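The values are calculated or read from the model by the stated rules, or taken from the named source; none is laboratory data. Note that this is a predicted model, so its numbers are computed, not measured. When we count neighbours, we look across all protein chains shown, and the Cβ atoms used for this are built from the backbone with ideal geometry, even at glycine. These area figures cover heavy atoms from the full protein model, side chains too; ligands, DNA and RNA do not enter into them. Shrake-Rupley method; radii C 1.70, N 1.55, O 1.52, S 1.80 Å.
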Amino acid sequence: MAPTIMMRPIKKDWQRQSQSESEDDDMVGKKDLLPLVMSQVGQHFVPLVITMVGLPARGKTILAYKIQQYLNWTNHKAKVFSVSSYRRKHIELYSSHDLFRKENSEAAEIRQLSAQEAQDDATKWLQDGGDVAILDGTHITQARRQTVYDHFAKVMGYKVLFIECVCDDEMLIEHNVKEVMQFSKDYRNMSSEKALDDFHHKIEHYMEQHEPMKPKSDGYSYIKYLNAGESLTVCRLNSPMQSEVLAFVSNFKPLAKTFYFSRHGESENNVLGRIGGDAELSVRGRTYAAALARYFNNENRLEGLRVWTSELKRTHQTAQGIKAPIEPVPFLNELYAGVCEGLSYEEMQCKFPQEFAWRDQDKLQYRYPWGESYIDIMTRLKPVLLELEGDIDNLLIISHQAVLRCLLGYFLNKKHEELPYINVPLHTIIKLTLSGYKCKMEVIKLNIECVDTYRMQPKNCSVNRSTDDALLTVPAHFENLSLWNHAPIVQL
């Protein structure tokens, strides 16, 4: 079944190339795939420098790294340059808040040097092909902000966007302080009481020097991020990239949250080794659906649990016993295999051996004829990711192998080329716990037997390979469903 929302199929020359033109096919498959990704990059014409502004414990670092994560996911090259990391190179062992006193001129010189080093490295990185540099620091004085703007905007000709994180919610500030205590390298060797006292003094020193931004008179491109996204103020955004950053920032809520991911139960097509389609669950798949419902319906079940599924039958059948609101989301549909929908790998090798080889050469960017690629899935998942980065919590997503690989890859900061080979087995719950920009993964295997659908990349990806080489890593499957033609083991 084709996804409800799909990019318009593009017939590429490499997809329709004759089988006889195979002498240089290995290179053709890789070379001509590149425009699929590259066409989505470089749309902002000049690099962008995002400068974080605000007092300590206002959420700057979390927001900086989450922006980096999202922009890298959307095929932009983004990198955070943390001023405090440069400061630690000059002062390896942090001793006390005296380092931040206004009258401590020696320490002020070190902090100034650290900010300059971050600025210099960001400049070099952008000159070497980066798209977005994110300066993570306080930048609390107008003079420091003007220095950043003059260098990047006036000297280098780059776009500059200031994001000021402001917080007047005392409970939120205390929460942020606790996160700093947990993750900051400065306080690893301090007792919790001493660290907390020291950090509050550090904030006081910064408040003495703090000069809030004045967006109407400063003349900068500017986003004010108040109380972890409670409200935003926006001024003078002037590029598509800045608008893309705004789209993320306006959705992002830095809350602790828990997500659960599961593939549908084993389907009849899984049993037969066929890709795609809209098959029913096998008997073992229905057994898993019952076990999944028991897991989430127990007496300690999650408060406010919601369930998202794709539009395909096998995810609906997997979710139907769970006592929670269930919402079908078309963006979660499985990768559409075009003319190869419903084929086994053996049949694909027999009918389309060249396509099968091209897919193995670059599984990330390969697009099935009249179908989709992993890049297409990443594109249609952007609204889902923005929703997940908001204030949603206790969510179970029941979807498909390729889609879950992309979602998990985002939160686990996987490289794009790793996505098609993330192992997401059937009959398994994957739990992600997010806190700030940290992510913890737990794997919960429900003891329901099923086929293994994981296929490693074969060593021989040439279009001239033998059938045996092409099928070497194809997982075992059954030839028919005769073993499952009886009543379900467990009734839902």
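Looking only at the range 234-291, count every residue that is without any contact (Cβ under 8 Å) to a residue 40 or more places away in the chain and more than 30 Å from Ala64 (Cα to Cα) and tell me the total.
3
So for the range 118-136 (the condition being out of contact with any Pro (no Cβ under 9 Å at 6 or more places or on another chain), under 26 Å from Val249 (Cα atoms) and hydroxyl-bearing (Ser, Thr, Tyr)), does at least one residue qualify? Yes, the range 118-136 contains a residue that is out of contact with any Pro (no Cβ under 9 Å at 6 or more places or on another chain), under 26 Å from Val249 (Cα atoms) and hydroxyl-bearing (Ser, Thr, Tyr). Here Leu432, Leu426 are screened, and the one residue that is open to solvent by less than 10 Å² (accessible area, probe 1.4 Å), more than 24 Å from Gly276 (Cα to Cα) and either in contact (Cβ under 8 Å) with a residue 24 or more places away in the chain or not in a helix (DSSP H, G or I) (or both) is Leu432. Note on the range 52-76: residues that are over 22 Å from Leu408 (Cβ atoms) and among the charged types (D, E, K, R) total 2. Return yes when Gly371 is assigned to a loop (DSSP other than H, G, I, E, B), within 19 Å of Tyr454 (Cα to Cα) and not β-branched (Val, Ile, Thr) and no when it is not. So Gly371 does not fit the description; no. Test Ile326 against the stated conditions and say whether it is open to solvent by 30 Å² or more (accessible area, probe 1.4 Å), at pLDDT 95 or above, over 29 Å from Ala470 (Cα atoms) and under 28 Å from the mean Cα position of the chain (by Cα). Against the criterion (open to solvent by 30 Å² or more (accessible area, probe 1.4 Å), at pLDDT 95 or above, over 29 Å from Ala470 (Cα atoms) and under 28 Å from the mean Cα position of the chain (by Cα)), Ile326 qualifies. Here Glu442, Glu449, Glu479 are screened, and the one residue that is part of a strand (DSSP E or B), surrounded by fewer than 12 Cβ atoms within 10 Å (Cβ to Cβ) and of a type in the set (Asp, Glu) is Glu442. Could you go through the range 395-407 and let me know if any residue there is in contact with an Asp or Glu (Cβ under 6 Å, 6 or more places away or on another chain) and assigned to a loop (DSSP other than H, G, I, E, B). Checked against the condition, which is being in contact with an Asp or Glu (Cβ under 6 Å, 6 or more places away or on another chain) and assigned to a loop (DSSP other than H, G, I, E, B), the range 395-407 yields at least one hit. Regarding Leu302, is this residue in a loop (DSSP other than H, G, I, E, B) and either over 29 Å from Glu417 (Cβ atoms) or of a type in the set (Phe, Trp, Tyr) (or both)? For Leu302, the condition - in a loop (DSSP other than H, G, I, E, B) and either over 29 Å from Glu417 (Cβ atoms) or of a type in the set (Phe, Trp, Tyr) (or both) - is met.
Show the residue pairs meeting these rules: Cβ distance below 6 Å; 6+ apart or different chains; first residue within the range 113-135 and touching a residue at least 24 places away in the same chain (Cβ under 8 Å); second residue assigned to a helix (DSSP H, G or I) and among the hydroxyl-bearing types (Ser, Thr, Tyr). Sorted first by the residue in the range 113-135, then by its partner, the pairs are Ser114/Tyr86; Glu117/Tyr86; Ala118/Tyr86. Please tell me if Trp358 is part of a strand (DSSP E or B) and open to solvent by less than 50 Å² (accessible area, probe 1.4 Å). Taking the combined requirement at face value, the residue does not satisfy it.
Picking from residues in the range 329-355 that are assigned to a loop (DSSP other than H, G, I, E, B) and in contact (Cβ under 8 Å) with a residue 60 or more places away in the chain, the one that is surrounded by the fewest Cβ atoms within 10 Å (Cβ to Cβ) is Gly342. In a residue-by-residue description of the range 22-33, the property of being in contact with a Ser or Thr (Cβ under 9 Å, 6 or more places away or on another chain), exposed (fewer than 14 other Cβ atoms within 10 Å of the Cβ) and at pLDDT below 95 applies to no position.
Residues in the range 298-311 that are of a type in the set (S, T, N, Q) and modelled with pLDDT of 95 or more were compared, and the one that is nearest to Lys431 (Cα to Cα) is Thr309.
Test Thr51 against the stated conditions and say whether it is part of a helix (DSSP H, G or I) and at pLDDT 95 or above. Here the answer is no, as Thr51 does not meet what is asked.
Among residues of the range 63-75 that are over 15 Å from Arg380 (Cα atoms) and touching a residue at least 40 places away in the same chain (Cβ under 8 Å), those with a beta-carbon under 7 Å from a residue that is open to solvent by less than 10 Å² (accessible area, probe 1.4 Å) and among the hydroxyl-bearing types (Ser, Thr, Tyr) at least six positions away or on a different chain give the pairs Leu63/Tyr225. Flag set for Arg314, criterion: buried (at least 21 other Cβ atoms within 10 Å of the Cβ) and not in a loop (DSSP other than H, G, I, E, B).
Can you pull out the strands (runs of 3 or more DSSP E) entirely within the range 203-288 that have at least 1 residues that are within 29 Å of Leu386 (Cα to Cα) and open to solvent by 40 Å² or more (accessible area, probe 1.4 Å)? I'd like the intermediate steps shown before the answer.
On the way: elements: 221-226, 231-235, 257-263.
The strands (runs of 3 or more DSSP E) meeting that bar are 221-226, 231-235.
Kindly indicate whether Lys415 is within 16 Å of the chain's Cα centre (by Cα), closer than 18 Å to Gln457 by Cα and either open to solvent by 30 Å² or more (accessible area, probe 1.4 Å) or of a type in the set (Val, Ile, Thr) (or both). Answer is yes for this residue. From the list Arg465, Arg405, the lone residue that is buried (at least 17 other Cβ atoms within 10 Å of the Cβ), closer than 23 Å to Gly277 by Cβ and among the charged types (D, E, K, R) is Arg405.
Within the range 310-327, residues that are basic (Lys, Arg) have Cβ atoms under 6 Å from residues that are open to solvent by less than 10 Å² (accessible area, probe 1.4 Å) in these pairs: Arg314/His264; Arg314/Ser267; Arg314/Leu281, counting only partners at least 6 apart in sequence or on another chain.
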